[in-house]
Amino acid sequence: MRYNEWRVSYGLLQNINGAIAGGGVSKSLSNVRKSSTKMLSVIREKQRPLPNAWYRYIGCRKFSMLLLIAFALLVFALGSFVVNKDSTSPNVLQRIGTLGTVPYVNGGHHEASQILGEKDKKKDENRFQIPAFKGASVLPFRHPCVNFTFPPPPPPTRRRLGPRPCPVCYLPVDQAIASMPSSSSASPVLHNLTYVLNENPIKSEPHGGSDFGGYPSLKQRNDSFDIKESMAVHCGFIKGSKPGHGTGFDFDESDLAELQQFHDIIVASAIFGNYDVIQQPQNISEEAKKNIPFYMFVDEETEAFMKNRSILSSSKRVGLWRIVVIHNVPYSDARRNGKVPKLLLHRIFPNVRYSIWIDGKLQLVVDPYQVLERFLWRQNANFAISRHYRRFDVFVEAEANKAAGKYDNSSIDEQVDFYKIEGLTPYSEAKLPITSDVPEGCVLIKEHIPITNLFTCLWFNEVDCFTSRDQLSFAIVRDKIMTKVDWSINMFLDCERRNFVIQSYHRDLLEQMPPPVPAVVRRPPALPNTRGKTPGKRIPRRGRDRRSGSSRHRKAAASNRDRNFF
């Protein structure tokens, strides 16, 4: 019932009650009928949506046509306004010609405090240009990933989560290949880099070093940071005529010829001391499989294990990996041996333009062309490494290494004290735009030009002379070079690194893990044997038999539980 009708009914009841109380029921009822009829007619008149005159106008054909035209013009104007607003919105990725949509890999969230600023975005908008495809004539346009932003952080929970991957905007593989620079980047100041050779290196100073590294003196070390146009520095492989031939860390002749070949891009990794399990790359394009070789360096111990397990055949291939066996390893520490290919790939591969190094425990899950486009070519960088997800300061990292027993504590203290004397200070905002002094060094993305080759040479010399914890020596080498030349390193978020590589456990941890518990298949109980018995009747047991039967059942159940437990 409508509100007005309810109000009229309520007034009628009041009039009727008053008439009964006054004694003139019939007379008052007639008055009530008249008044109620008038009130209802007034209410219905008010509730009519349009007056009668409007009905006559609407019935007119000309007026209806004018109304429809006005409505259509209004809808058209509103639609144009919405389209204009959407096309100029900064949050919408531009879709140009043949580029289509831009895929990206979803993952968890990153550290909330580390997000690119607006200044960097504006710089990127002016800088990012994708070359046109061959045979296509398109105008220059902004990079499709310029306006890519991270999602908001997840709500806080009581459960403490470790580092997780975050989304990264990759170009499709064909567009990433098209964006590869046609020529090498310019190397600031340094144009000609050669390496020291010495058949009989002699240790002349008390600090560490090795025959493989050549024992550079403190003066030679300091001179190597004085960047000039032509330089000769210590960079491993001191003995012999060429790397891998009589130098320690030696290759077979067939492998030596293979490593001298020219390649635009290589992917490399290593397993020493049978320390890790080989991880096969995933999501690799056919173009990458055809043009990018994957090299896995192993020592003789790892090779023997692989042969015993029938993992390694005469073809020297395990999936995508081409296995390269190392003889005469220079160090007794397997981790330190792994630093040789990690930091000195430019010496092992003298004719390579770009390299991606991943530690042996990592699995590559994004195409190499996409990784290089995202972290080098798009940033106009020639060296990229992720920063540590939690620690930014070398002194904090040193204490964490000591607490975890990563290396001898006195050796760590000696290294850090030496760097203090050289001017290394705790990380602070004064170092901006440098965002961290501590890398997560399990992935290196590098263009092989003189300045980056010098950086990894001098970084290796620190690892050779001090501890093998390369996170401790990264910042001092970087900062010394940056004070001499206009050069920097792209230190991206660690959650972005976790987007394109998946980390596995070392072999010793995998072997200590209990095997997975097999699923228990519960079968339905067997039907009772009713042969020879009258159906529908149950013969009751005597008390003694019932007790003995139940005890037998308990013993059988207990033995079954024990067997399942073991």
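The values are calculated or read from the model by the stated rules, or taken from the named source; none is laboratory data. Because the structure is a prediction, the values reported are computed rather than measured. Note that each Cβ is placed from the backbone with ideal geometry, even for glycine, and that neighbours are counted across all protein chains shown. Accessible surface areas use protein heavy atoms only, side chains included; no ligands, DNA or RNA. Shrake-Rupley method; radii C 1.70, N 1.55, O 1.52, S 1.80 Å.
Summary of computed values
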| item | result |
| --- | --- |
| Top-ranked residue of the stretch 132-151 - restricted to ones that are within 17 Å of Val168 (Cβ to Cβ) and surrounded by fewer than 13 Cβ atoms within 10 Å (Cβ to Cβ), ranked as modelled with the lowest pLDDT | Pro151 |
| Per-region count, the stretch 248-274, residues open to solvent by 60 Å² or more (accessible area, probe 1.4 Å) and among the aromatic types (Phe, Trp, Tyr) | 1 |
| Top-ranked residue in the stretch 224-259 [being assigned to a loop (DSSP other than H, G, I, E, B) and of a type in the set (S, T, N, Q); ranked as farthest from Trp459 (Cα to Cα)] | Ser241 |
| Subset of the stretch 301-324 [among the charged types (D, E, K, R) and surrounded by 13 or more Cβ atoms within 10 Å (Cβ to Cβ)] | Glu301, Glu303, Lys316, Arg317, Arg322 |
| Hey, Ser230 buried (at least 16 other Cβ atoms within 10 Å of the Cβ), polar (S, T, N, Q) and under 25 Å from Met482 (Cβ atoms) or not | no |
| Considering residues of the stretch 284-300 that are under 21 Å from Leu312 (Cα atoms) and outside any loop (DSSP other than H, G, I, E, B) only, the residue farthest from the chain's Cα centre (by Cα) | Glu300 |
| Subset of the stretch 477-504 [outside any loop (DSSP other than H, G, I, E, B), open to solvent by 10 Å² or more (accessible area, probe 1.4 Å) and either on the phi > 0 side of the Ramachandran plot or without any contact (Cβ under 8 Å) to a residue 60 or more places away in the chain (or both)] | Asp479, Met482 |
| Checklist (1) open to solvent by less than 50 Å² (accessible area, probe 1.4 Å); (2) closer than 18 Å to Asp174 by Cα; (3) free of Cβ contacts under 8 Å to residues at least 24 places away in the same chain applied to Glu286, failing item | (1) |
| Where Pro281 falls short, out of the listed (1) assigned to a strand (DSSP E or B); (2) crowded, with 20+ Cβ neighbours inside 10 Å; (3) touching a residue at least 60 places away in the same chain (Cβ under 8 Å); (4) under 25 Å from the mean Cα position of the chain (by Cα) | (1) |
| Test: residue in the stretch 185-200 that is within 37 Å of the chain's Cα centre (by Cα), aromatic (Phe, Trp, Tyr), under 29 Å from Met482 (Cβ atoms) and modelled with pLDDT of 95 or more | yes |
| Unique residue being open to solvent by less than 20 Å² (accessible area, probe 1.4 Å), in contact (Cβ under 8 Å) with a residue 60 or more places away in the chain and under 23 Å from Ile476 (Cβ atoms) when the list is Gly236, Gly244 | Gly236 |
| Search result, residues across the stretch 385-407 that are of a type in the set (Asp, Glu) and open to solvent by 80 Å² or more (accessible area, probe 1.4 Å) | Glu399 |
| Count - residues of the stretch 256-309 that are hydroxyl-bearing (Ser, Thr, Tyr), under 22 Å from Met180 (Cα atoms) and touching a strand residue (DSSP E or B) at 6+ places or on another chain (Cβ under 6 Å) | 1 |
| Tabulated pairs, the stretch 409-426, first closer than 13 Å to Val394 by Cα, second open to solvent by 60 Å² or more (accessible area, probe 1.4 Å) and part of a loop (DSSP other than H, G, I, E, B), C-beta under 9 angstrom, 6+ apart or interchain | Ile412/Lys406 |
| Residue in the stretch 348-365 that is among the small types (Gly, Ala, Ser), in a loop (DSSP other than H, G, I, E, B) and surrounded by fewer than 21 Cβ atoms within 10 Å (Cβ to Cβ) present | no |
| Within the stretch 458-504, tally of residues that are among the hydroxyl-bearing types (Ser, Thr, Tyr) and within 30 Å of Ile278 (Cα to Cα) | 4 |
| Residue among Leu432, Leu454, Leu444 that is more than 30 Å from Lys290 (Cα to Cα) and either among the charged types (D, E, K, R) or touching a residue at least 40 places away in the same chain (Cβ under 8 Å) (or both) | Leu454 |
| Subset of the stretch 366-388 [assigned to a helix (DSSP H, G or I) and either within 24 Å of Ser473 (Cβ to Cβ) or of a type in the set (Gly, Ala, Ser) (or both)] | Phe375, Leu376 |
| Residues of the stretch 203-223 satisfying the condition of being within 20 Å of Lys480 (Cα to Cα), charged (D, E, K, R) and either without any contact (Cβ under 8 Å) to a residue 12 or more places away in the chain or assigned to a loop (DSSP other than H, G, I, E, B) (or both) | Lys219, Asp223 |
| Qualifying positions in the stretch 171-202 - open to solvent by 70 Å² or more (accessible area, probe 1.4 Å) and assigned to a helix (DSSP H, G or I) | Asp174 |
| Residues within the stretch 432-456 that are more than 21 Å from Asp359 (Cα to Cα) and either open to solvent by 10 Å² or more (accessible area, probe 1.4 Å) or in a strand (DSSP E or B) (or both), tallied | 5 |
